[in-house]
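See structure below.
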Amino acid sequence: MKRISGQQRLWFYRILTLIVTAILVHILAVWAAPRLIMQVLMRGPMAQTLNMHNQAAFPPPVTAASRTVVMPSPDLLYSVCVFDLTAGPVRISASPNLKSYWSIALYAANSDNFFVINDRKFNGKPADLWLVSLSGSSDTLPVPAGAQVVVSPSTTGFLLMRVLTGNYDAEKAVIEPARHTLTCTPA
Amino acid sequence: MRGKPSVNRWQRIGIGFALYGCAVTLGLGSAWWVLKKAPWTIQTVRVGAWETSLLAGSAHADLYTRAAIAANGLLALGRDETMYFIASQDDAGHPLRSRCSYRVEGVPPQARWWSVTAYAEDMFLFDAPNQQYSLNGTTARLDASGHFALTTGGQEQPGTHWLPTPGDRGVVLTLRLYNPEPELQAAPTSLRPPMIKAIGACA
């Protein structure tokens with residue numbers, strides 16, 4: 001039986017190391033991808049331009065030039081906010097008073113959509129959400145009756161308000177003031 | 001003779017760096033390929049030419065689904081709020097190309113509101129000269145049998161809602177259903193999928 005030489009053994013371990021390292025890098029990259037993409041979204045050029053750290057911002061309607069987030073919907077008017085619970089809870093409110101669809105969705109730092117609520121749930125009433133971190137307590141917060149406490153799985157994350165606009169030019173006078181009712185500020 | 005061990009050491013270091021470089025390149029390249037080019041790695045349900053992920057936006061999404069959604073459909077909503085059906089081929093199974101014309105026809109889906117949007121393969125909107133990027137539940141005109149219709153392609157097809165797709169690129173059609181009916185949420189295959197048929201020869 002032919003014996004394996006030292007050189008062959010060395011190359012066996014080299015190739016084995018290459019394969020194991022490649023697999024580890026692959027898994028790490030797949031794990032990190034949504035987190036990195038969210039970081040770019042929350043700290044990148046759009047976030048800097050719109051100044052949306054614990055503050056609502058109102059990007060223009062979607063066009064072919066909108067290339068910050070993939071698959072932008074041309075039928076929705078977006079409002080955004082990067083929430084940061086490091087210094088304490090964040091209060092989110094909105095009162096669009098629209099008959100058509102609108103929603104507020106919250107995304108964790110790993111891109112999970114951990115909370116969403118739409119106009120049907122509010123039934124014409126204003127939205128009042130108090131966002132707290134997992135380690136934070138809502139017991140001492142002055143949460144008014146009718147407000148909802150939401151626990152975020154991550155300290156930072158992204159708020160996306162969607163307002164339906166089947167025909168923006170025709171509806172602009174109504175939906176622009178409606179979406180500008182969104183606030184997102186430290187409580 | 002005294003210089004040989006030193007040369008061997010540098011050789012080994014060089015081989016080590018080259019191997020680790022290959023490993024990192026392989027790892028990153030395969031991750032990119034899986035997320036952007038191999039959509040079968042995420043759990044989807046197919047209805048006609050359309051596919052939907054049951055775990056988009058969900059905290060229960062697995063590693064690959066979460067990453068693929070972030071790379072191809074960031075900020076998606078869960079299916080109790082919105083369902084996304086994606087088509088990158090026609091009913092005959094041919095990849096959608098922007099230089100070809102297609103007719104998309106169907107009945108309004110079981111949802112509060114819906115839209116069909118044409119994206120380029122990079123998942124951004126085409127630079128449509130008429131700034132029409134979608135057909136939706138507000139703008140769609142139904143025919144006598146209750147069907148909507150649209151066409152995509154470089155050339156306008158008379159008498160239909162035209163979504164221009166200039167250039168020669170891949171096309172991805174997205175059917176969004178806002179507040180889908182509970183029956184559809186529970187059984188996405190119950191969707192009556194809009195048909196996607198090529199019109200004539202590609203330009």
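The values are calculated or read from the model by the stated rules, or taken from the named source; none is laboratory data. This is a predicted model, so every value here is computed, not measured. Glycine also receives a Cβ, built like all others from the backbone with ideal geometry; neighbour counts cover every protein chain displayed.
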Conditions (1) assigned to a loop (DSSP other than H, G, I, E, B); (2) under 27 Å from residue B:65 (Cβ atoms): number failed by residue A:55: (2)
Number of positions in region A:89-121 that are of a type outside the set (A, V, I, L, M, F, W, C) and within 14 Å of another protein chain (Cβ to nearest Cβ): 13
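Name the residue that is surrounded by the most Cβ atoms within 10 Å (Cβ to Cβ), counting only residues in region A:73-83 that are facing another protein chain (nearest Cβ under 7 Å) and not polar (S, T, N, Q). Walk me through how you get there before you give the answer.
Here is the first cut: in region A:73-83, the residues facing another protein chain (nearest Cβ under 7 Å) are A:73-75.
Narrowing the set further to residues that are not polar (S, T, N, Q) leaves A:74-75.
Numbers: A:74: 22, A:75: 28.
Applying the filter and picking the extreme gives A:75.
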Checking residue B:49 against (1) of a type in the set (A, V, I, L, M, F, W, C); (2) away from chain A (no Cβ under 11 Å); (3) touching a helix residue (DSSP H, G or I) at 6+ places or on another chain (Cβ under 9 Å), the condition it does not meet: (3)
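Per-residue answers, yes or no, for (1) loosely packed, with under 15 Cβ neighbours inside 10 Å; (2) more than 14 Å from chain A (Cβ to nearest Cβ):
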position	(1), (2)
B:16	yes, no
B:26	no, no
B:34	no, no
B:65	no, no
B:77	no, no
B:81	no, no
B:88	no, no
B:91	no, yes
B:104	no, yes
Test set (1) surrounded by fewer than 21 Cβ atoms within 10 Å (Cβ to Cβ); (2) within 9 Å of chain A (Cβ to nearest Cβ); (3) assigned to a strand (DSSP E or B); (4) not β-branched (Val, Ile, Thr) - residue B:115 fails condition number: (1)
Test: residue in region A:55-71 that is touching a strand residue (DSSP E or B) at 6+ places or on another chain (Cβ under 7 Å), buried (at least 20 other Cβ atoms within 10 Å of the Cβ), within 23 Å of residue A:165 (Cβ to Cβ) and away from chain B (no Cβ under 11 Å): yes
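Determine, yes or no, whether residue A:136 is of a type outside the set (Phe, Trp, Tyr) and not in a strand (DSSP E or B). Can you show your working first?
Working: of a type outside the set (Phe, Trp, Tyr): yes; not in a strand (DSSP E or B): yes.
Judged against the criteria, residue A:136 is a match.
Test residue A:25 against the criterion of being facing chain B (nearest Cβ under 7 Å) and modelled with pLDDT under 90, and give yes or no. Please lay out each step first, then the result.
Numbers: facing chain B (nearest Cβ under 7 Å): yes; modelled with pLDDT under 90: no.
In short, no.
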Test: residue in region A:32-46 that is free of Cβ contacts under 8 Å to residues at least 60 places away in the same chain, in a helix (DSSP H, G or I) and at the interface with chain B (Cβ under 8 Å from one of its Cβ atoms): yes
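Output the number of residues of region B:121-151 satisfying the condition of being among the hydroxyl-bearing types (Ser, Thr, Tyr), within 14 Å of chain A (Cβ to nearest Cβ) and crowded, with 19+ Cβ neighbours inside 10 Å.
Our first condition is that a residue be among the hydroxyl-bearing types (Ser, Thr, Tyr); within region B:121-151, this holds for B:133-134, B:138-139, B:145, B:151.
From what is left, the residues that are within 14 Å of chain A (Cβ to nearest Cβ) are B:133-134, B:138-139.
With crowded, with 19+ Cβ neighbours inside 10 Å added as a condition, the list becomes B:133-134.
Result for region B:121-151: 2.
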Any hit, region A:119-126, residues being touching a Ser or Thr at 6+ places or on another chain (Cβ under 8 Å) and assigned to a strand (DSSP E or B): no
Lone qualifier among A:65, A:57 - being touching a residue at least 12 places away in the same chain (Cβ under 8 Å) and within 26 Å of residue B:115 (Cβ to Cβ): A:57
Filter result for residue A:181 (among the β-branched types (Val, Ile, Thr), crowded, with 16+ Cβ neighbours inside 10 Å and in contact (Cβ under 8 Å) with a residue 24 or more places away in the chain): yes
Where a residue in region A:74-100 is under 22 Å from residue B:123 (Cβ atoms) and touching a residue at least 40 places away in the same chain (Cβ under 8 Å) and its partner, wherever it lies, is basic (Lys, Arg) and buried (at least 22 other Cβ atoms within 10 Å of the Cβ), with Cβ under 6 Å and at least six apart: A:76/A:162
Selection within region B:153-203 - surrounded by 14 or more Cβ atoms within 10 Å (Cβ to Cβ), hydroxyl-bearing (Ser, Thr, Tyr) and over 20 Å from residue B:121 (Cβ atoms): B:160, B:178
Residue among B:171, B:116 that alone is at pLDDT 95 or above and farther than 23 Å from residue A:171 by Cα: B:171
Residues being farther than 16 Å from residue A:186 by Cα and modelled with pLDDT of 95 or more - total across region A:79-101: 1
Verdict on residue A:143 being over 30 Å from residue B:114 (Cβ atoms), surrounded by 13 or more Cβ atoms within 10 Å (Cβ to Cβ) and modelled with pLDDT under 85: yes
Any hit, region A:122-130, residues being touching a Phe, Trp or Tyr at 6+ places or on another chain (Cβ under 6 Å) and either more than 14 Å from every other protein chain (Cβ to nearest Cβ) or not basic (Lys, Arg) (or both): no
